[in-house]
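Here is the structure we will look at, set down as structure tokens.
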Amino acid sequence: MIKIKNSMLAGLFFGLFFGTCQAFSHGINSAIISAPISGLLFGLYIHLFGNSKAVKRQTQIETKDGESIIHSGGANHLKNREAVGGKLYLLTDKLQFKSHLFNFQNHELTIHIDQIKDVTFYKTFGLVQNGLAISLKDGRKENFAVSGRQEWKTEIEKLEAITNN
């Protein structure tokens, strides 16, 4: 579920970007009117899209008997220069990502906890502090943009400690 705060931030950034473009192409008067309206509409759209029944249904996973979901939330998996939208799940033995169908690169990704070497942070686009980098023992690195990255890291590291003992 996309929180209203994140939707408002997305709308704010979109409005600022759109307003700047409008100011250069159509003048400041046009930008003053169109930027707040476009930012508000964009934020509303993001909120409604992220909380839609279709997205929830498309990103739902099936758990096996005895498996429980420890943590979950909306996420983007950065794959081949696309931020693939979907949902990230932390289960007792794995991290699982499932994309929604509104992407070019629809996919599922499963990372078993015992495959994880390290969990670190990075800034998405060098600006936004929501990046979660999962380094794997085979040398691969999977990057996600998540809300509450510290909580994700803490929960993954708790499971790593249990799995490695």
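All of the numbers you see were taken from the coordinates with simple rules; none came from a lab. Remember, predicted model here, so these are calculated numbers, not experimental data. Positions of Cβ are generated from backbone atoms using ideal geometry, with glycine treated the same way; all protein chains shown enter the neighbour counts.
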**OP:** Output the number of the condition that A161 fails; it satisfies all remaining conditions of (1) surrounded by 12 or more Cβ atoms within 10 Å (Cβ to Cβ); (2) assigned to a helix (DSSP H, G or I).
**Re:** (1)
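For every residue, the table says whether it meets (1) crowded, with 16+ Cβ neighbours inside 10 Å; (2) among the acidic types (D, E); (3) assigned to a helix (DSSP H, G or I).
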{"position": "D114", "(1), (2), (3)": "no, yes, yes"}
{"position": "G126", "(1), (2), (3)": "no, no, no"}
{"position": "F144", "(1), (2), (3)": "yes, no, no"}
{"position": "W152", "(1), (2), (3)": "yes, no, yes"}
{"position": "I156", "(1), (2), (3)": "yes, no, yes"}
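Rundown of residues vs (1) in a strand (DSSP E or B); (2) surrounded by 13 or more Cβ atoms within 10 Å (Cβ to Cβ); (3) in contact (Cβ under 8 Å) with a residue 24 or more places away in the chain, yes/no style:
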site: K87; (1), (2), (3): yes, yes, yes
site: L95; (1), (2), (3): yes, yes, yes
site: L101; (1), (2), (3): no, no, yes
site: N106; (1), (2), (3): no, yes, no
site: L109; (1), (2), (3): yes, yes, yes
site: F121; (1), (2), (3): yes, yes, yes
site: G131; (1), (2), (3): yes, yes, no
**OP:** Kindly provide the set of residues from the stretch 56-82 that are hydrophobic (A, V, I, L, M, F, W, C) and either surrounded by fewer than 16 Cβ atoms within 10 Å (Cβ to Cβ) or more than 11 Å from the chain's Cα centre (by Cα) (or both), ordered by number.
**Re:** I61, I69, I70
**OP:** Please state which one of K79, K64, K3, K53 is free of Cβ contacts under 8 Å to residues at least 40 places away in the same chain, of a type outside the set (D, E) and within 18 Å of A145 (Cα to Cα).
**Re:** K79
Original post:
How many residues are under 13 Å from L78 (Cα atoms) and in contact (Cβ under 8 Å) with a residue 40 or more places away in the chain if we restrict to the stretch 133-156?
Top reply: 5
